[in-house]
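A short write-up of the structure that comes next.
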Amino acid sequence: MAVDRPDPLAFLEDEVAALDRDGLLIRPRTLEGPTGARAVVEGREVINLASNNYLGLANHPRLNAAAAEAAGRLGAGSGAVRTIAGTMAIHVELERRFAAFKRAESALMFPSGFAANAGTVAAVLGPEDVIVSDRLNHASIIDGARLSKARIAVFEHADAADADRQLAATADGARRQLLITDGVFSMDGDIAPLPDLVEVAERHGAIMMVDDAHASGVLGEGGAGSVDHFGLHGRVDIQVGTLSKAIGVLGGFIAGRAHLVEWLRQRGRPYLFSTSAPPAVAAACIAALDVIHDEPERLARLWSNTERFTAGLTALGFDTGASATPITPVITRDEAATQRFARELFDAGVFAPAIVFPTVARGSARVRTIVTADHTEADLDDALAAFGSVGASLGLAG
């Protein structure tokens, strides 16, 4: 029976109403079928420019078949955390395969990319240490840094000279220093100046860590990531990323030296205290690595689609910022106008959600687009036509 008492959370109604008034309320749309270049969202088919499914693997027949076979043979779940009874042979095989993909000694699965970042930073560093972090690094890096209780210094976005200054300024009294950056920045689509940052880290004897969530499967030979893209193998100590973007499934990973992986098995809290991935997830990830190897044309098509679409947005007069990857923001700045832009694009058959504070800073709202290998030229042309007409009607283009 319900208890008649004042609701101590009633204040949240006012907070939600304030978000709505300020154009900051997020209303996720619901897919009614598989994700893909086109998807059925809330009863209508739309061109999907919203997902991280870069290589079109999330609904690939080989991944679907691998997941179904593993579920039938090994069960729906593992039943335990990895350190008790949840490590299955298929998890070990995926880690072996992913280490080879990243050209690293070893790799370790985490429940998500967020958990991989937060858990790794917090396990490797402590209060006596210093973290020097790019201003636009992902929230999971920020949370991991806070959990570590290390001293945090922030360098200006993609500014290796400022990173150098921050490392020099924080050296006194620091047991260890960590320099950390995204490989590809998820809201702007630009690529970190990794060679310069690696040189800075080496000059100061700092640990070098890269979150390659949006670079794995996208940059480098065969999609090996930003470290491969710049030829920096052996010079980046910790590579972090996801299995949920270009890989198309779910989970996170770290890749690096064997002793790093062993330490995280012992002290990585998300690894220690989370039930391991279902067999179907691990099997689909392994199948994804096979498809990436067997179908290199997917990566080539991703980049040709990116070039076509970005050139089209630029020709229409949109501000796409510093994007150099398939992540192409259409920067509109005003939160309320951006929310309306996204709604009217959806009405015109294009799914490209608004990105507003706190995901990005106030005054830098944008509609974020991501093309995939599975988009056709017709898909992209239709999407550009919608952007042109809606943008012109709202005074956002040109």
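The values are calculated or read from the model by the stated rules, or taken from the named source; none is laboratory data. Just so it is clear, the model here is predicted, and its values are computed rather than measured. Ideal geometry is used to build each Cβ from the backbone, glycine not excepted, and the neighbour counts take in all protein chains shown. What goes into the accessible areas is simple: the full protein's heavy atoms, side chains included, and nothing from ligands, DNA or RNA. Shrake-Rupley method; radii C 1.70, N 1.55, O 1.52, S 1.80 Å.
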task = List the equivalent ellipsoid semi-axes of region 94-154 in whole Å, largest first, each obtained as the square root of 5λ for an eigenvalue λ of the Cα gyration tensor.
result = 24, 12, 11
ask   = Size of the chain along its principal axes in angstrom, Cα-based, largest extent first?
value = 62, 57, 55
task = Show me 251-263, 384-396 ranked by packing, highest mean number of other Cβ atoms within 10 Å first.
result = 251-263, 384-396
query = To one decimal place, what Kirkwood hydrodynamic radius in Å is obtained for region 150-265 from all pairs of distinct Cα atoms?
reply = 14.7
Surface per residue (accessible, 1.4 Å probe) for the chain, Å² = 44
ask   = Got the relative contact order for region 322-382 handy, in percent, Cα pairs under 8 Å and 6 or more residues apart?
value = 41
ask   = Mind checking the log10 I(q)/I(0) for region 281-397 at q = 0.13, 0.18, 0.21 Å⁻¹? Debye, one equal scatterer per Cα, no solvent, two decimals.
value = -0.55, -0.90, -1.10
inquiry  = I'd like the projected area of region 195-323, averaged over all directions, using the convex hull of its alpha carbons. Report it in nm² with one decimal.
reply    = 10.3
ask   = Dipole magnitude of the chain about its Cα centre, charges +1 at Lys/Arg Cβ and -1 at Asp/Glu Cβ only, in debye to the nearest 20?
value = 980
key: region 14-106, relative contact order in percent, only Cα pairs under 8 angstrom and at least six apart counted   = 12
query = Of the peptides 352-359, 278-285, how do they stack up when ordered by the mean number of other Cβ atoms within 10 Å, highest first?
reply = 278-285, 352-359
ask   = Nearest-5 percent of antiparallel DSSP beta bridges in the chain?
value = 55
request  = Out of all DSSP beta bridges with both ends in region 81-227, state the antiparallel percent to the nearest 5.
outcome  = 5
query = What whole number of Å gives the distance from the Cα centroid of region 308-367 to the Cα centroid of region 32-111?
reply = 28
query = So what's the back-of-envelope 222 nm ellipticity for the chain, counting only DSSP H runs of four-plus at -39500 (n - 2.57) apiece and dividing by all residues, rounded to 500?
reply = -13000 deg cm²/dmol
note = Quotient of Cα radius of gyration and Kirkwood radius for region 1-43, i.e. Rg/Rh, equals 1.26
inquiry  = Using a 1.4 Å probe on the protein heavy atoms only, what accessible surface does Met88 show? Give it in Å² to the nearest 10.
reply    = 40
ask   = Karplus couplings for region 276-286 from phi (6.51 cos²θ - 1.76 cosθ + 1.60, θ = phi - 60°), rounded to Hz, Gly and Pro as x?
value = 5, 4, x, x, 4, 5, 4, 5, 5, 5, 4
key: Gyration tensor over alpha-carbon atoms, region 51-171, equivalent ellipsoid semi-axes in Å   = 36, 18, 13
request  = At 0.36 nm per residue, minus the direct Cα-Cα distance, what do Arg29 and Leu12 gain on full extension? Give it in nm, one decimal, please.
outcome  = 3.9 nm
key: Portion, in percent, of the accessible area of region 158-213 that falls on carbon or sulfur, probe 1.4 Å   = 44
query = Could you give me the ³J(HN,Hα) list for region 312-324, computed from phi with Karplus coefficients 6.51, -1.76, 1.60 and θ = phi - 60°, whole Hz, x at Gly and Pro?
reply = x, 5, 5, 4, 7, x, 7, 8, 9, x, 9, 4, 9
request  = Taking the Cβ of Ala150 as the centre, find all other residues whose Cβ is under 11 Å away and add up their charges (Lys, Arg: +1; Asp, Glu: -1).
outcome  = +3
